[in-house]
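Bear in mind these aren't lab numbers, they're just calculated from the coordinates by the rules spelled out. Because the structure is predicted, anything quoted here is derived from the model rather than measured. Cβ placement follows ideal geometry from the backbone for every residue including glycine, while neighbour counts extend to all protein chains displayed.
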Amino acid sequence: LAIMERFEFKAEVKELLNLVINSLYSHKEIFLRELISNASDAIDKARYLSLTNTELNLAGTEWKIQIVPDKDAKTLKVIDNGVGMNREEAINNLGTIAKSGTKDFIETLKKAKETGDINLIGQFGVGFYSAFMVAEKIEVISKKIGEEKAIKWRSTANGSFEIEDAEKEGYGTTVILYIKEEDKEFLDEWRIKQIVKKYSDYIGYPIVLSTTKDGKVKEETLNSMQAIWLKSKSEIKPEEYNEFYKHISHDFNDPLETIHYKVEGTNEFTALLFIPSKKPFDIYYKSPKFGPALYVNKVQIMDACEDLVPPYLRFVKGVVDSSDLPLNVSREMLQNNRQVANINKNITKKVLDTLKGMKKNDPEKYKKFFVEFGNVLKEGIHTDFERREEIASLMIFNTLNNRDKMIDLDTYVENFKDGQEEIYYIVGRSVEELINSPQLEYFKTKGIDVILFTGEFDEIIIGGLFEYKGKKLKSVTKGDIKIKDDDVKDIKEKEESYRPLLDRIKEDLKEDLQDVKASARLTDSLCCLVMDENAMDESMRRLFESMGQ
Ligand code: ADP
Ligand code: MG
């Protein structure tokens, strides 16, 4: 019994389809990269099953991706013998956008529309839907490994799709594109070869072009199939690194930094890691999917292994290939695996060292990094006790005396005024807002520098740092500051002469204030509010408020 069902695309899919078709037209060719990438992912999963589940009898399968253009029928087929999809999976995977945060997604879409910034769209991995740029109709015939029935999915991108039962011989997926008249270049052999070479050369399975001439089928493998991370650095061109990055990250931008290295010895592994140039929209979500992909001897075990990096380095993308791990490790086993913990430690050090080098040798680039990911990195000050000082040394910020330039803690300390013993800072929403704080008047007259922190969680994070290389960090909005200064010495005398006034104010405002004191901090303003040493700071209060507490 063949059941045919029709479904409406979810609203966000419709919006995405529209956007993709209308904004990415100058990048049409990427549709093939996306389909090949999906085929490769599906084979990764099938291959993993073949090694871990012998009952499925998949050993000896010749994994491959086939591309079949047909100029007469005006169709282009992309065929894989990967894991396949059943009815339910096809409905979910090809009918919704299975990414976290639909609300933010819609917001980002709108922004992308306004600014025409395709990079924003790229963050969502337009993936499968990009094929509608060149196809008026798409059919997907798929049979999931281990299941009896095949299904056929079909859509013309007009708001709905249909699914029905279908016949299919082997496992895997066949995607059939009915190519638009104006896009028939994508049926040309040379064009297909060109695109595959450009974007998909490193794919680990043969991408075979099948053409029929005079009734004879010709097959040609188009890619070199080398796992890029196992090649030596000198053999890899920057463009190849960049394409590989785009493949694994679904990002349209080139990465900001590429880290490729190999560790030998008892705990062997190869890592090819990337620091993106833009932060993904969901970097602050509590999404469980982060970390490099984990491979064991070129077989993908997990596409995002969060045990490989600490959460404060969750922006790092890439691949880690280890030969020492067993193939069928489960997620639970990874969490308690000593080798994985060692790799994590090693990668953490490597990434932090790389950032240190970038900060020293290419400050402009480092600034770009820090603007995007600085707030994520800073979480490490709070969570990685062992490395808190190292991570703190990687912070850059504006200060009272460096409003147009970002400096670091070491530079701040080097520029201490005579008699200064502590590191002063203030936290707020923006540099502009902060420089007018009355709390800074004293520091301005004395020429003492104050760090202007503007990160959303800086109050908590910096508040928890306490000291850096033996120097105390002091918030200028809290408690007493410790400066050897003659002005401060006679403040006690002044306070006595003003005692009646101070007492009067204190009496009048006793509901709202703990104490009223004379201060050497002010030069222009009459008064300012100062927090008790242990009190929650203004921005901390805002943070808790925004969290609904
Ligand atoms: P992404 O690859 O980023 O997940 P896509 O839009 O490219 O997004 O694909 C959506 C989903 O559809 C995939 O995650 C996968 O579950 C499924 N899919 C697409 N193509 C295939 C395929 N050839 N074989 C199996 N599943 C596929
Ligand atoms: Mg994809």
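Quick notes on this structure:
- Couplings 3J(HN,Hα) for the stretch 62-71, derived from phi with the Karplus relation 6.51 cos²θ - 1.76 cosθ + 1.60 (θ = phi - 60°), are 8, 5, 7, 10, 10, 10, 10, x, 9, 5 Hz, where x marks Gly and Pro.
- Taking the longest Cα principal axis of the chain as reference, the axis of helix 30-52 is set at about 80 degrees.
- Bridging of residue 444 to aspartates and glutamates at a Cα separation below 14 Å is possible for 524, once same-chain residues fewer than 8 apart are set aside.
- Selection among 392, 79, 339 by position relative to the dipole of the chain gives 79 as farthest towards the positive end (Cβ unit charges, Cα centre).
- For residue 64, net neighbour charge (Lys/Arg +1, Asp/Glu -1) across residues whose Cβ lies under 14 Å away: -3
- Residue pairs, from the table 262/350; 405/478; 494/517; 350/405, whose Cα atoms sit over 19 Å apart: 405/478; 350/405
- Summed residue charge, Cβ within 13 Å of residue 266's Cβ, Lys/Arg positive, Asp/Glu negative: -2
- Cα-Cα over 21 Å, subset of 279/469; 246/317; 28/218: 279/469; 28/218
- Summed residue charge, Cβ within 12 Å of residue 309's Cβ, Lys/Arg positive, Asp/Glu negative: +2
- Burial order of peptide ranges 382-394, 315-327 (average beta-carbon count within 10 Å, highest first): 315-327, 382-394
- Helix 338-361 axis versus longest C-alpha principal axis of the chain: approximately 60°, rounded to the nearest ten.
- Peptides 292-298, 184-190 ranked from most to least packed, by the mean per-residue count of other Cβ atoms within 10 Å: 292-298, 184-190.
- Straight-line cross-link partners of residue 474 among the lysines, defined as a Cα under 16 Å from its Cα and at least 8 positions apart when in the same chain: 417, 482, 484.
- Length-normalised contact order for the chain - Cα pairs under 8 Å, 6+ apart - percent: 10
- Per-residue [θ]222 nm for the chain (sum of -39500 (n - 2.57) over DSSP H runs n ≥ 4, rounded to 500): -10500 deg cm²/dmol
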